[in-house]
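To keep things clear, I will list the structure first and then write my remarks on it.
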2 protein chains.
Amino acid sequence: MSTHPVLLAGRWQPSTAPETFRADNAATGESLSETYPTSQWSDVDAALTAAAEAAPLLRQASPSQLAKFLSTYADRIQANADAIIAAANAETALPITPRLKDIELPRTLTQLRQGASAAEEGTWSLPVIDTKNNIRSHHAPLGPILVIGPNNFPLAFNAISGGDFTAAIAAGNPVIAKGHPNHPSTTRLLAEQAVAALEVAGLPKAAVQLIYHMSPDTGLRAVADPRLAAVAFTGSRKAGLALKAAADKAGKPAYLEMSSLNPVLILPGALRERPDKIADEFADSALAATGQFCTNPGLTLLLAGKETDTFIAAIKQRFESRKFGPLLSKAVCSGLKESIRTLASAGAKVVTPAHPEPWSMNPPVNTLLTITASQFLDDPHTFQTEAFGNASLFVIADNADQLAQVLSHLEGNLTGCLYTSTTGEDDSLYNRLAPALRRRVGRLLNDKMPTGVALSPAMNHGGPYPSTGHPGFTAVGIPASLRRFSGLESYDAVRANRLPPTLQNKNPINGDKKAWRSIDGRLTQDDVAS
Amino acid sequence: MSTHPVLLAGRWQPSTAPETFRADNAATGESLSETYPTSQWSDVDAALTAAAEAAPLLRQASPSQLAKFLSTYADRIQANADAIIAAANAETALPITPRLKDIELPRTLTQLRQGASAAEEGTWSLPVIDTKNNIRSHHAPLGPILVIGPNNFPLAFNAISGGDFTAAIAAGNPVIAKGHPNHPSTTRLLAEQAVAALEVAGLPKAAVQLIYHMSPDTGLRAVADPRLAAVAFTGSRKAGLALKAAADKAGKPAYLEMSSLNPVLILPGALRERPDKIADEFADSALAATGQFCTNPGLTLLLAGKETDTFIAAIKQRFESRKFGPLLSKAVCSGLKESIRTLASAGAKVVTPAHPEPWSMNPPVNTLLTITASQFLDDPHTFQTEAFGNASLFVIADNADQLAQVLSHLEGNLTGCLYTSTTGEDDSLYNRLAPALRRRVGRLLNDKMPTGVALSPAMNHGGPYPSTGHPGFTAVGIPASLRRFSGLESYDAVRANRLPPTLQNKNPINGDKKAWRSIDGRLTQDDVAS
């Protein structure tokens, strides 16, 4: 079978790459039949040129056109969902139902439609009008964005259909999507619908381009290239830090979702009050998608005591009885084994499985490890090794002081959860510990596990370094996620007819939407008073 | 005379530094009598510890307390203005009137009072409430901020009273101010009022600390230190890039205002229509404060022709007849001479002064240089050397294509100006060139020179790299400037009584202010409907 072409400047073109790859059927480990190119610089170079040419055109596209593209794209994905989901199932082993069809597909469609709505309405760009000084500002598109998608959400975080893609396009930027090599056919089927939707919306053909795979060096070269405005990435810390270094050196923004242990503190009153409920919630969250979520609870902090012993036994029982699916790829499997071995070698006790050692299993069964807080404090770096998959580490503290010390050593995380009793008996401990946890996470939860990342305007799927590269931005949550792909642009005494529509005296109606604008300090959907 | 103490943890303490410095009287070049320490790590280390301890306390301070501090501080600066201005005049040679007393002092006070108002009101933090999912988010303080002030605005950009300081405090962060060694007595007199204002407001004493000077290495070590959350800097590109590298490596935000040529395009119709007016505006802007503004117009693009010859002659005449003041320091003088020599060595023609060579003068007289667009295009890097002071470079293009090419080689700048005729004859050229200029600048102006940076909520005193380190943020313009010193924080199912006041159902009244909040997609000052 011939190698699939890449999508450059609106056309499916044969890649110049001599190297190719095939994805595996994640359930069986066997290679799938489709062959895809590992693009070299010449493909990326062509994509950058086309994207740079498309950027000023896309900047002048109307909000309604951007919205039309995103909503048409959503409709077309929906109409072709069966084929797309079948490909994703084969490539990732994620189940068709409920995961792909009932959860991830609707999430993807909702996200695209929320992006359409935000693009059309325009409040995301924070328009500000100062009539006294005749200065006006808003957030405007940045230029070509490289979106690098992860392995674990073939639809909702796919580089060509996920949250970063949606945000970058909705903000008016061309996207060069770099698919994940674990699911190229899924990505291709999505891209076909994107191409059709671009045409319906009348957007520049190079607004969406697709490269299936490239070497790390080629990716770093793309990030450094002056034609690229910014990069968005979801994946491992190692790859993310390399991209960050390249982007930092070139002076451009990098929005990175790199890694997170998502610490969970369960205080003793809560454990005494509702042990089974919390054990169920924890097992559900820790083992969802075989633990392959960015917000998987990887590190749980507990106070030593009878209720904690009972809780550990309850989790052990659940981990042993719960099924686990195939992992997303051989790389995920070997990474997981390596991380478990690292934790165990540093002294973590493997509570379950009793034998054999989980790092000798393919894939490892659900794995629960424990350490004491003293152990953690002796080597906080190693014990914050992320074990991406169905493994989780409990840290047992002797007292509240130790808990506070552990918290003070936590790296930046996407989320942090605190479980407390409903009777108030944990409240003084909550009040002592919550501020320290708050500062180290993007999203703080109460009595709730971290794995549900709602598509909410109040969501923060971001957090302090090294969970991301900047604490002020979120990858999920429209409209805020759009602002990552924008620059602040001010117009000082610019003649009225030369202003962008959103900053003109008359608030334009895009579809049936009107932006909220700050006019002389007041937020309003009105026109500037004449 | 003994060495002045530094301000650490709320007390004026003797520095441990063996090294000291004195500022010069900028008008005479002679050393002033006061002696200040060049702090070593131990001072900075103490400041970081105190700031880290103050951060959680400051986070819990009420918005009204932050506002009280800022407004009290403004009042106290005002009450002590004569002494502060006298010190600034001696240290910088900037004239008392109108500059320091009638322009910079009121600007500083207005900025502090705008910061007070923004802190109290809270809309800056973009509160978002999603009642359906019970998720709420806002921008919250980051932690200790190192503010490094520049030489050219001893009050309005001073590390302890300027825009970065005001924004960092208004957002709820402790500040470690690193003053500029050219004006330590000004900084000290300001700091004394800050200390008194902290006490009035009941804020933690370490919320404001002052170090007069430190070596570059000590500064980089401070930026890398985990106790520091972010750094703000206004100054040279070289120092800014070193700070950026250190902050990038440590994964923390750096807000840098580094350098800018502020290109001005004057189209031929405008030059024919109002040559004298534009010549006056240009000379006023280029020579204001002897050219020592961040937004000084350093690079002017013109089309070859009779009107351009006339314009050059008009500027030459004005440059020769206008007085110029002493420069801010010997370092500024030697930097300016070096830059002029670099431009001339690369082939720029010195239109004025006729002789001697300006780089042999102390200080140089007002200097006008010209090159052709071809020369520029042969070495765009060298011809974008910033000559900070009373020197300006004109680039003469043969045709519109060359102008477009020059624009395409421009680095990121704070501002860009376009002058056009009022009759419409320049409009097609404007339409062709403006988009390219727009993408390279933070603030686009029409028929107006760039040096007035209004304290407007629509201001962008920022721009694409390397004028700053991130295109999405502004150093001037409240409330947007506050968000630089914040992280996005989301609360997911957090119990009502544990939410920060701004995110509770009832919109708190701070003073007589209420924040605008996005509640279920609608911006409102109302409470959450019960």
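So how many residues does the stretch A:115-146 have that are of a type in the set (S, T, N, Q) and touching a helix residue (DSSP H, G or I) at 6+ places or on another chain (Cβ under 8 Å)?
At the first step, the residues of the stretch A:115-146 found to be of a type in the set (S, T, N, Q) are A:117, A:123, A:125, A:131, A:133-134, A:137.
From the residues that got through so far, the ones that are touching a helix residue (DSSP H, G or I) at 6+ places or on another chain (Cβ under 8 Å) too are A:117, A:125, A:137.
Residues in the stretch A:115-146 being of a type in the set (S, T, N, Q) and touching a helix residue (DSSP H, G or I) at 6+ places or on another chain (Cβ under 8 Å): 3 in total.
Give the residue, chosen from A:Pro268, A:Pro263, that is within 22 Å of the chain's Cα centre (by Cα) and at pLDDT 95 or above. Working first, answer last.
Numbers: A:Pro268 fails: within 22 Å of the chain's Cα centre (by Cα).
Exactly one residue qualifies, and that residue is A:Pro263.
Would you pick out the residues in the stretch B:417-443 that are more than 19 Å from A:Asn173 (Cα to Cα) and within 10 Å of another protein chain (Cβ to nearest Cβ)?
Kept after step one, since they are more than 19 Å from A:Asn173 (Cα to Cα), are these residues of the stretch B:417-443: B:417-433, B:443.
Once the filter is applied, which keeps residues that are more than 19 Å from A:Asn173 (Cα to Cα) and within 10 Å of another protein chain (Cβ to nearest Cβ), the stretch B:417-443 yields B:Cys417, B:Leu418, B:Thr420, B:Thr422, B:Asp427, B:Tyr430, B:Asn431, B:Arg443.
Find all pairs meeting these conditions: Cβ atoms under 8 angstrom apart; at least six residues apart or on different chains; first residue within the stretch B:474-495 and within 7 Å of chain A (Cβ to nearest Cβ) and buried (at least 24 other Cβ atoms within 10 Å of the Cβ); second residue part of a helix (DSSP H, G or I) and of a type in the set (Ser, Thr, Tyr).
B:Thr474/B:Ser481; B:Ser486/B:Ser125
Condition first: assigned to a loop (DSSP other than H, G, I, E, B) and within 20 Å of A:Ala286 (Cα to Cα). Now tell me which residues in the stretch A:389-411 satisfy that. Let's see the steps before the verdict.
Of all residues in the stretch A:389-411, those assigned to a loop (DSSP other than H, G, I, E, B) come to A:389-390, A:398-399, A:409-411.
Of everything in the stretch A:389-411, those that are assigned to a loop (DSSP other than H, G, I, E, B) and within 20 Å of A:Ala286 (Cα to Cα) turn out to be A:Gly389, A:Asn390, A:Leu410, A:Glu411.
Within the stretch A:261-297, which residues are outside any helix (DSSP H, G or I), away from chain B (no Cβ under 14 Å) and of a type in the set (S, T, N, Q)?
Within the stretch A:261-297, A:Gln292, A:Asn296 meet the criteria.
Within the stretch B:273-287, restricting attention to residues that are over 18 Å from B:Asp309 (Cβ atoms) and aliphatic (A, V, I, L, M), which residue is surrounded by the most Cβ atoms within 10 Å (Cβ to Cβ)?
Step by step, filter the stretch B:273-287, then rank; the result is B:Ala286.
Among the residues of the stretch B:369-381, are any surrounded by fewer than 15 Cβ atoms within 10 Å (Cβ to Cβ), under 28 Å from the mean Cα position of the chain (by Cα), in a loop (DSSP other than H, G, I, E, B) and at pLDDT 95 or above?
Yes, the conditions are met somewhere in the stretch B:369-381.
Starting from residues that are among the charged types (D, E, K, R) and within 24 Å of B:Thr295 (Cβ to Cβ), keep the ones in the stretch B:382-411 and report whichever is surrounded by the most Cβ atoms within 10 Å (Cβ to Cβ). Spell out the reasoning first.
As a first pass, look at the stretch B:382-411 and keep what is among the charged types (D, E, K, R): B:386, B:398, B:401, B:411.
Narrowing the set further to residues that are within 24 Å of B:Thr295 (Cβ to Cβ) leaves B:386, B:411.
Working: B:Glu386: 22, B:Glu411: 20.
Per the criteria, the residue is B:Glu386.
Which condition number in (1) in contact with a helix residue (DSSP H, G or I) (Cβ under 7 Å, 6 or more places away or on another chain); (2) more than 10 Å from chain A (Cβ to nearest Cβ); (3) in a helix (DSSP H, G or I) is the one that B:Glu386 fails?
For B:Glu386, the failing item is (3).
Hey, among B:Leu58, B:Leu70, B:Leu66, which residue is of a type in the set (A, V, I, L, M, F, W, C), within 14 Å of another protein chain (Cβ to nearest Cβ) and out of contact with any strand residue (DSSP E or B) (no Cβ under 6 Å at 6 or more places or on another chain)?
None of the others qualify; the one that does is B:Leu58.
Counting only residues that are out of contact with any Asp or Glu (no Cβ under 9 Å at 6 or more places or on another chain) and closer than 18 Å to A:Arg113 by Cα, how many does the stretch A:454-473 have?
1
The values are calculated or read from the model by the stated rules, or taken from the named source; none is laboratory data. All of these numbers come straight from a predicted model, not from anything done at the bench. Using ideal geometry, Cβ is built from the backbone for each residue, glycine included, and neighbour counts are taken over all protein chains shown.
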